[in-house]
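Student: Questions regarding the structure given below will be posed in turn.
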Amino acid sequence: MIVDTKTDPTLGFTSQDHETAFDSLPVEGELPRWLTGSLVRTGPAKFEVGDRPVRHWFDGLAMLHRYTFGDGEVSYGSRFLRSRAFRAAQEKGELRYQEFATDPCRSLFARASTLFRPALTDNGVVNVSRVGDEFIAMTETPLPVVFDPRTLEAAGVAYEPPGVLTTAHPHHDPVRRELVNFAAQLGPRSQYRFYAQRSRTEQRRLAKATVREPAYVHSFGMTERYLILAEGPFVVNPLKLALSGRPYIENYRWEPERGARFLVFERDGGALRGEYRTDAFFTFHHVNACERDGELVVDLCAYDDPSIIDALYLDRLRTGNDIPKARLRRFRLDLDGGRVNGEELADTDLELPRIDYRRRNGRSYRYVYGLAAHEEFVGRVVKVDVERGEHVGWSQDGCWAGEPVFVPEPGRDEEDAGVLLSVVLDAGRGESFLLVLDAKTLEERARARVPHRVPFSFHGQFFGGELPS
Ligand SMILES: [Fe+2]
């Protein structure tokens, strides 16, 4: 029996050491009969290594979670991602690799000897995806870890992206059956690079641009013809990053006077189509992008500055600090004229955005789903109509929802015909439940209770049908 006494969202930032498996979770309401497949998520679940706490939410050791639906039932299983970072932490009782905001304790000599060969983490805590026939757990280092989607057992690093940094938000090219992603190579001549990964061994470069001080990049946009990099002025000097001795993210500087810029590359051939400048903003997540009447429409969740990163240090999260909220912003890039126009799409905050990705990414779309402010944290599911600015929501007192993943109902064309799947922390009960909402109305269709709490996770994907064995 796992007993918790807290009744606030900090329970979601508390270590969960138990790996569990349940063949069938108790369900209230009714799961759609058409819902067949698995929601696989990753997120931090262990916040101490030995007797030393990690500092930032992004530094927790990753746990994979699998919710498998079929015949109106759902099973659940969880397992720590046995990355080399996790194994070293278990075996040595200490952190051995550089995380986002926590470094290993090292002597000056050891630190000097790894200056240009940093021991990067492979703690795939941010997102999961599929490349070829393999499933991968990703963070922002170039070390995606393969795992078995049924057992959640890890099986080593899949491939090496062309840089020391990459994103955990690759796009999918359904025609070429490739993952498309961004990487940054840091050094005396740093470079932004886009690449496509078709399998463990098949990688090709799509575009590149030289940059003196690379910006922090968490995601990017993609249309049929273009790759879109939103570059906020949160930048790093590569030499100082190597020499400072400070944790990775603490080497970045906010320089709003530089403004932000969009770099637009042609997917075919890699040419820089244009560079578009606007006022400074910071973003983690693109929502969608599309071409319309000679303009490139780029929607993203924007902050005024990167103070959200500071707000996600665990000591601040656990003391209930006020978290900066992202606004849903649309930028319209005049492809030939160079102008950028920006506007807010709704009078609600929104983060962890999801759309009907398979049918709408890179095209006109109408609905985005995400999370908005709830009590002292973020945990209200919202749906925004980006054409009208209208929004509806779902929330429950003492409960905090996670990223809502849209699953379309087979055979129906309406963009919002389907369900949203969200893992919700019910702090009062010290448990979590998987919430199933009607994506049209955000009315609850079912909830499946997990008999313990599941720490908050960042991202997950729904994989339809049977998982490969
Ligand atoms: Fe993300």
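Student: Could you tell me whether the chain comes out rounded, prolate or oblate from its Cα gyration tensor? Rule is a ≥ b ≥ c as square roots of the eigenvalues, rounded for a/c under 1.5, then prolate if a/b exceeds b/c, otherwise oblate.
Tutor: rounded
Student: Under the 0.36 nm per residue contour assumption, what length would be gained going from the current alpha-carbon distance of residue 271 and residue 33 to full extension?
Tutor: 81.0 nm
Student: Just want the ordering: 138, 222, from fewest to most Cβ atoms lying within 10 Å of their own Cβ.
Tutor: By the 10 Å Cβ count, ascending: 222, 138.
Student: Please list, ordered by chain and number, the residues whose modelled amide H lies under 5 Å from the amide H of residue 259; skip anything fewer than 5 residues away on the same chain.
Tutor: Under 5 Å from the amide H of residue 259: 280.
Student: If you don't mind, another one. Quick check on the chain: helices-only [θ] at 222 nm, where DSSP H runs of length 4 and up contribute -39,500 (n - 2.57) each and the sum goes over total residues. Nearest 500, please.
Tutor: Value at 222 nm, helices only, nearest 500: -1500 deg cm²/dmol.
Student: Which shape class, rounded, prolate or oblate, goes with region 186-283 when its Cα gyration tensor gives a ≥ b ≥ c as root eigenvalues, a/c under 1.5 marks rounded, and past that a/b bigger than b/c marks prolate?
Tutor: Note, shape of region 186-283 comes out oblate.
Student: For a quick check: with amide H placed at 1.01 Å from N, whose amide H comes under 5 Å from residue 440's, ignoring anything fewer than 5 positions away on the same chain?
Tutor: Under 5 Å from the amide H of residue 440 lie the amide H atoms of 418, each far enough along the sequence or on another chain.
Student: Any idea how far apart residue 51 and residue 155 come out in nm if each label point goes 7 Å out from Cα toward Cβ?
Tutor: 4.0
Student: I'd like the FRET efficiency for residue 469 and residue 412, computed as 1/(1 + (r/R0)^6) with the beta carbon distance as r and R0 of 22 Å, rounded to 0.05.
Tutor: So, using R0 = 22 Å, E works out to roughly 0.15.
Student: Follow-up. Quick query: amide H of residue 349 versus all other amide H atoms, modeled in the peptide plane; which residues come in under 5 Å with a sequence gap of 5 or more or a different chain?
Tutor: Here the answer is 373, since their amide H atoms fall under 5 Å of that of residue 349.
Student: Within a 10 angstrom radius of the beta carbon, how do 405, 368, 211 rank from fewest other beta carbons to most?
Tutor: So the ranking, lowest neighbour count to highest, is 211, 405, 368.
Student: Under a straight-distance cross-link criterion of Cα-Cα below 12 Å, which aspartates and glutamates are reachable from residue 440, leaving out those fewer than 8 residues away in the same chain?
Tutor: Result set, ordered by chain and number: 385, 409, 414, 415, 416.
Student: Compute the signed sum of charges (Lys and Arg +1, Asp and Glu -1) over the other residues within less than 10 Å, Cβ to Cβ, of residue 467.
Tutor: Once positives and negatives cancel, what remains is 0.
Student: Kindly write out, for region 255-266 in residue order, the coupling ³J(HN,Hα) from the Karplus curve 6.51 cos²θ - 1.76 cosθ + 1.60 (θ = phi - 60°), rounded to whole Hz, with x marking Gly and Pro.
Tutor: The phi angles translate into 10, x, 5, 6, x, 10, 9, 9, 9, 10, 10, 7 Hz.
Student: Follow-up question, since we're still on this one. With a cut-off of 8 Å between alpha carbons and a minimum separation of six or more residues, what is the relative contact order of region 173-281 in percent?
Tutor: 21
Student: Continuing with the same structure: Hey, got a sec? Which GluC sites (Glu not before Pro) in region 340-448 land in a DSSP loop and have at most 11 other Cβ atoms within 10 Å?
Tutor: Listed in order of number, the matching sites are 387, 443.
Student: From the Cα gyration tensor of region 159-208, with a ≥ b ≥ c the square roots of its eigenvalues, which class applies: rounded if a/c is under 1.5, or else prolate if a/b is larger than b/c, or else oblate?
Tutor: Note, shape of region 159-208 comes out prolate.
Student: Now for a separate question. Which whole-angstrom value gives the distance between the alpha carbon centres of region 84-101 and region 201-224?
Tutor: 28
Student: Next question, about the same structure. Per residue of region 181-187, in order, report the coupling 6.51 cos²θ - 1.76 cosθ + 1.60 (Karplus, θ = phi - 60°) as ³J(HN,Hα) in whole Hz, putting x for Gly and Pro.
Tutor: Working through the residues one at a time gives 8, 9, 9, 10, 9, 9, x Hz.
Student: Which length gain, in nm to one decimal place, applies between residue 366 and residue 305 when the Cα-Cα distance is subtracted from 0.36 nm times their residue separation?
Tutor: 19.2 nm
Student: Moving on to the next point. Can you tell me the FRET efficiency between residue 343 and residue 257 if r is taken as the Cβ-Cβ distance and R0 is 30 Å, rounded to the nearest 0.05?
Tutor: 0.85
Only the coordinates and a few stated rules stand behind these numbers; no lab work does. Worth saying up front: this structure is predicted, and the values here are computed from it rather than measured. Every residue, glycine among them, receives a Cβ derived from its backbone with ideal geometry; neighbour counts consider all protein chains shown.
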